[in-house]
Ligand SMILES: Nc1ncnc2c1ncn2[C@@H]1O[C@H](COP(=O)(O)OP(=O)(O)O)[C@@H](O)[C@H]1O
Ligand SMILES: [Mg+2]
């Protein structure tokens, strides 16, 4: 809790980030409303709704990640914030979780806003809430954990972001083109239920990967990463 | 006299490089123990091991202080890195640690300490505007925030002005003499340690080459002892 509070204070003390966050929340909301127009234009094709419920928030998440005020993370390394906190005996896992949660919150909230709007007009409650309270939090949470633990180990966040973006783009690709591809290769289109199952599996995979990261990372590695690279 | 820290055949290797080589040391309760050695001798590595940041490759150590829920409530420290958050105020920087140590009467304690190190005027200023000396004072305040029995200081005054160095020295002597405290302080500057230490160990290339106590120090100057300890390097 202590660390989470400090992180949020640092993040929200950054004016550029607040502006960006407001801007993105507006963008997300606009997208939520505009999908309705799109939906009606396309003859009420539910595919478009599913796309915006499952896939689209992820691409916006990636954009948000790129706006996260990275400077303070780096100075934390340079000033040894992490080293000093860990020297008190504070648990590394708790620290990672707090930092990840601090990153998760500002990314998840605008996406959730957009989903709520879409659910509101489309009435796709099952798919909508499944994404809202399960898939999206799992995916964004895992991305946050990966990102934070990565950032503690490397002074080169640019490379790290590219890596994370790459895997996320891959997920988006599978989710969007999976059904089309399956039609072309196997001759039958995937049912929407199958797409949802794939989405669930992918988010569980992401969670597993984040879990492994948290268990693998050690204090020694973090300190050496800060000093010797 | 009982010891607050005991090291037994402690070794640390990074890949194939041996940075600490069979260190055995006893640090008595109530001492100001100076760990002196040139840059690269292994002082910081040893201190990081004591603080649980590095794991020793072999050997063992004990620190006789009480802990609670994993938080080292009886050890204070200063490292090379200040760990201050430039965007937080002096007060907030201390409050973060007050919460980690779960102090009650957090506010009073922080105000007292800011006054003690002469930073009360800067209470609500961001740490980024402080001079280097003031930053070190703030870090010192943070190190003793929870009134620890043991202080571990890694070259706390390196690069500071003489006035502040003297102030630091006096502060630490007072801290030890007022309540039964122990201080482990590392330095590569002899003058810093000579005046206040009750015990001194000289570390060179990862080995403790000599240990002295107060009596030895009264008889010969530390400078002489230090130079003598390095003689074998020249041969
Ligand atoms: N994480 C590390 N990886 C590899 N070598 C290290 C690491 N930390 C310290 N060293 C090496 O160990 C030696 C001792 O370093 P250090 O403990 O920082 O010395 P001191 O604090 O006495 O100046 C140095 O030669 C340094 O290069
Ligand atoms: Mg050092």
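None of the figures in this text is laboratory data; all of them are computed from the coordinates on show. Since the model is a prediction, treat every value here as computed from it, not as a measurement. Don't worry about glycine lacking a Cβ; one is built from the backbone with ideal geometry, like all the others, and counts go over all protein chains shown.
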Simple SL model, points at 7 angstrom along Cα→Cβ for residue A:62 and residue A:26; separation in nm is 2.5
Residue A:156 to residue B:224: FRET efficiency via 1/(1 + (r/R0)^6), r the Cβ-Cβ distance, R0 51 Å, to the nearest 0.05?
0.60
What shape does segment A:117-163 take by its C-alpha gyration tensor, where a ≥ b ≥ c are the square roots of the eigenvalues and a/c under 1.5 counts as rounded, a/b above b/c as prolate, and the rest as oblate?
prolate
For segment B:82-148, shape from the Cα gyration tensor axes a ≥ b ≥ c, cut at a/c of 1.5 then a/b versus b/c, turns out prolate
Specify the residue with the greatest mean-square fluctuation among A:210, A:193, A:127, computed from a Gaussian network of chain A linking alpha-carbon atoms under 10 Å apart.
A:193
Can you compute the FRET efficiency between residue B:195 and residue B:24 using 1/(1 + (r/R0)^6), with r the Cβ-Cβ distance and R0 = 22 Å? Round to the nearest 0.05.
0.25
Linear extension gain, residue A:8 paired with residue A:224, 0.36 nm per residue minus alpha-carbon span:
75.1 nm
Work out, step by step, the length gained on full extension between residue B:14 and residue B:67: first 0.36 nm times the residue separation, then minus their alpha carbon distance; give nm to one decimal.
16.2 nm
Residue B:131 versus residue B:174, label points 7 Å from Cα toward the beta carbon: distance in nm?
1.9
Cβ-derived FRET efficiency at R0 51 Å, residue B:215 paired with residue A:173, nearest 0.05:
0.10
Please check: in the Gaussian network model of chain B (C-alpha springs, under 10 Å), which one of B:42, B:52, B:76 has the largest mean-square fluctuation.
B:52
If you take the alpha carbon radius of gyration of chain B and divide it by 2.2 N^0.38 Å, what ratio comes out, to two decimals?
1.02
Give me the inter-chain shielding for B:51-64: mean count of other chain Cβ atoms within 10 Å, whole number please.
2
Simple SL model, points at 7 angstrom along Cα→Cβ for residue A:208 and residue B:205; separation in nm is 5.1
Which whole-number value in Å³ per residue fits the convex hull of the alpha carbons of segment A:2-227?
123
Helix-only mean residue ellipticity at 222 nm for chain B, each DSSP H run of n ≥ 4 adding -39500 (n - 2.57), per residue, nearest 500:
-10000 deg cm²/dmol
The answer for the per residue Cα convex hull volume of the protein assembly as shown, in Å³, is 167
